[in-house]
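J.: The structure follows.
Quick note: the coordinates plus some simple rules give every number you see, no bench work behind them. Predicted model, so just to flag it, every value in this text is computed and none were measured. Here the Cβ positions follow ideal geometry from the backbone for every residue, glycine too, while neighbour counts run over all protein chains shown.
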Amino acid sequence: MPDMSLDLRYLRYAMIAAEHGSFRRVSQVLGVTQSTVSRRILILERKIGFSLFERDYRGVRVTRAGAEFLKQAAMGVSHLEHAVSFALSTQRGQRGEIKIGMLTALTSGPLNRIFRQFRHIHPGLKVRIREGTSQENLQRLTSGEVDIVFITGAHSIPGHDSLVLWSEGVFLALPVAHELSTRDGLVWTDARNETFVVSSGGSGPEVRDYLIQRLAGLGFSPTIDIHDVGRDSLMNLVAMGYGLTITSESTLGIEWPGVVFKQMFCPEGELPVSAVWSRTNSNPALKHLMGIASSVSRQMS
């Protein structure tokens, strides 16, 4: 049975010898002695169990078996080199993928800039996005389903790092005909008697909790109707007068007919947007993404 524990250096000697028909030429190309070339090719032949070359005073000629072996071996070496190159590019963060959890409401604004720059600078990296609530995305993060999450609020999770990237204004979405639509400098007490509509999924649970926190802190119990709809349908409900809702600054680039957005005065401060990731995550793509996210964050400060 042939010994297949081959040294790739010996295989390279044989491939160059087959190309030039001379062990002497191999020694010149590789900078080793001719006796070293001859000895190592002989070791290779003993390992595979047959002769690669016919030797005489004129040089060497590849045997029929040797020609077939070296042809197939060259393909294997090429695949191995490709595998090594691919693995190295992955290790350096030039290839591979990063899995991201995020709220639907954060898909525009600064996060849009981050994704655009990431795509431009690292076109070989695939981005996989999972949308969901903050709770869903944090569960995915801790279970390893995603590499990083972008969520509202400041979070402290054992074993994880977090960074507040920017803060966004909170806006009240209301029908054009609503009495508050012509006023500026709205405060939460202005909306104390209003009905609010929120989605059951996406950022809906965060919106509901935020409304309860803001209004309950002022001594009011908000009326909140929950609908199993997406953001577009939710804004249509607002336009038709079924209630008001709140949204962040990132969504203001989209226009919804019949809906007016008014910024709320928030003495507690604007709504922070954070990145959270595991400090043991070794994915090189994560480092690249956070580098871009930090740069965008600095530009906004």
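J.: Hey, can you grab everything whose amide H is under 5 Å from the amide H of S203? Only 5+ residues off in sequence or another chain; H modelled, so Pro and N-termini drop out.
T.: Those lying under 5 Å, H to H, from S203 are T104, A105.
J.: Now for a different question. What number results when the radius of gyration of region 98-238, computed over Cα atoms, is divided by 2.2 N^0.38 Å?
T.: 1.20
J.: Further, regarding this structure: Does anyone have the angle between helix 64-91 and the longest principal axis of the chain? Alpha-carbon axes, 0 to 90°, nearest 10?
T.: 30
J.: Using each residue's phi in region 126-135, evaluate 6.51 cos²θ - 1.76 cosθ + 1.60 at θ = phi - 60° and report the 3J(HN,Hα) Karplus result to the nearest Hz, with x for Gly and Pro.
T.: Listing the rounded values in order: 8, 10, 10, 10, 10, 8, x, 6, 4, 5 Hz.
J.: Here's a follow-up. Specify the angular offset, from 0 to 90 degrees and rounded to the nearest 10, of the alpha carbon long axis of helix 204-216 from the longest principal axis of the alpha carbons in the chain.
T.: Once rounded, the angle reads 40 degrees.
J.: Can you sort Y57, Y242 so the residue with the fewest Cβ neighbours within 10 Å comes first?
T.: Fewest-to-most ranking of Y57, Y242: Y57, Y242.
J.: Looking at the chain, send over the antiparallel percent of its DSSP beta bridges, to the nearest 5.
T.: Taking every DSSP beta bridge within the chain, about 60 percent pair in antiparallel fashion.
J.: Specify which residue in the list M235, T63, S248 is farthest towards the positive end of the charge dipole of the chain, using unit charges on the beta carbon of Lys, Arg (+1) and Asp, Glu (-1), about the Cα centre.
T.: The Cα lying farthest towards the positive end belongs to T63.
J.: Output needed for region 170-269: three equivalent-ellipsoid semi-axes, defined as square roots of 5 times the C-alpha gyration tensor eigenvalues, in descending order, whole Å.
T.: For region 170-269, the ellipsoid semi-axes come out as 18, 16, 13 Å.
J.: For T245, enumerate residues with amide H under 5 Å from its amide H, sequence gap 5+ or separate chain, H modeled in the peptide plane.
T.: Placed amide hydrogens put A173, V197 under 5 Å from T245.
J.: I'm a student and want to see the number: the projected area of the Cα convex hull of the chain, averaged over all directions, in nm².
T.: If you wrap the Cα atoms of the chain in a convex hull and average its projections, you get 23.8 nm².
J.: Further question: Would you calculate a helix-derived [θ] at 222 nm for the chain, using -39,500 (n - 2.57) for each DSSP H run of n ≥ 4 and dividing by the full residue count, to the nearest 500?
T.: -13000 deg cm²/dmol, from helical runs alone.
J.: For region 111-116, in order, what is each residue's ³J(HN,Hα) by Karplus, 6.51 cos²θ - 1.76 cosθ + 1.60 with θ = phi - 60°, in whole Hz (x at glycine and Pro)?
T.: Ordered by residue, 3J(HN,Hα) equals 5, 4, 5, 4, 5, 5 Hz.
J.: Provide the FRET efficiency to the nearest 0.05 for the K71-I129 pair, computing r from the beta carbons and using R0 = 51 Å.
T.: 0.65
J.: Can you put W166, W256 in order, fewest other beta carbons within 10 Å first?
T.: In order of increasing Cβ crowding within 10 Å: W256, W166.
J.: Points 7 angstrom from Cα along the Cβ direction at E270 and Q139: gap in nanometres?
T.: Distance between label points: 3.2 nm.
J.: Now, a different point. Which one of P222, P257, P175 has the biggest mean-square fluctuation once the chain is modelled by GNM with Cα springs under 10 Å?
T.: P257
J.: Shifting gears a bit: Please compute the alpha carbon radius of gyration of region 201-240, then divide it by the globular-protein estimate 2.2 N^0.38 Å. Two decimals is fine.
T.: That works out to 1.27 for region 201-240.
J.: Rounded to whole Hz and in sequence order, give me ³J(HN,Hα) for region 119-125 from the Karplus expression 6.51 cos²θ - 1.76 cosθ + 1.60, θ = phi - 60°, writing x for Gly and Pro.
T.: For region 119-125, the Karplus curve yields 5, 5, 7, 10, x, x, 9 Hz.
J.: Please check the chain for the longest run free of GluC sites (Glu not before Pro) that are loop-located per DSSP (anything but H, G, I, E, B) and have at most 14 other Cβ atoms within 10 Å.
T.: Segment 1-144 is the longest.
J.: If you don't mind, another one. Pull up all non-local amide H partners of T63: gap of 5 or more, or a different chain, and H-to-H distance under 5 Å with H placed in the peptide plane.
T.: Correct list: F53, E54.
J.: Sticking with this one: Counting other C-beta atoms within 10 Å, which of I151, I224 has the fewest, and how do the rest follow?
T.: Ordered by Cβ neighbours within 10 Å, fewest first: I224, I151.
J.: Treating only the Cβ atoms of Lys and Arg (+1) and Asp and Glu (-1) as charged, compute the dipole magnitude of region 200-301 about its Cα centre; round to the nearest 20 debye.
T.: 400
J.: Helix 8-20 against the longest principal axis of the chain: what's the angle in degrees, Cα atoms only, rounded to the nearest 10?
T.: Approximately 60 degrees, to the nearest ten.
J.: Continuing with the same structure: For the chain, with only Lys/Arg (+1) and Asp/Glu (-1) charged at the beta-carbon, what is the dipole magnitude about the Cα centre, in debye rounded to 20?
T.: Magnitude of the dipole: close to 2420 debye.
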